[in-house]
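> I have a structure here, written as structure tokens, and I will follow up with some questions on it.
The values are calculated or read from the model by the stated rules, or taken from the named source; none is laboratory data. The structure displayed is predicted, hence computed values, not measured ones. With ligands, DNA and RNA removed, areas are computed over all heavy atoms of the protein, side chains included. Shrake-Rupley method; radii C 1.70, N 1.55, O 1.52, S 1.80 Å.
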Amino acid sequence: MKLAQYLTLAKLNHREFAVKLGVHHETVRIWLMDDGRMPQGRFLQRVIKETGGDVTANDFLPSQRKGRAA
């Protein structure tokens, strides 16, 4: 599940999630951009733990959009 979808379902905004993870809210905003930038190391582990495994490393890969070359 994409992080944005998780936050919606959990009724959290990026600032609230950032506090839970102990990161700056702009860091979470960058992760939400769906351009392949993802948390590294311990931060990725925190995301996985905080989301109960609903969001994993693969979920940060960019989405395939219509009209884009694969």
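> With a 1.4 Å probe and all protein chains kept in place, how do Met33, Met38 rank by accessible area, largest first?
The most accessible residue leads, giving Met33, Met38.
> What number, rounded to the nearest 500 deg cm²/dmol, is the helix-based mean residue ellipticity at 222 nm of the chain, given -39500 (n - 2.57) per DSSP H run of at least four residues and division by all its residues?
Roughly -13000 deg cm²/dmol at 222 nm, from the helical runs in the chain.
> Could you tell me what percent of the accessible area of the chain is made up of carbon and sulfur, with a 1.4 Å probe and every protein chain present?
That fraction is 53 percent.
> Continuing with the same structure: Below 8 Å, C-alpha to C-alpha, sequence gap of six or more: please give me the relative contact order for the chain in percent.
The normalised contact order for the chain reaches 34 percent.
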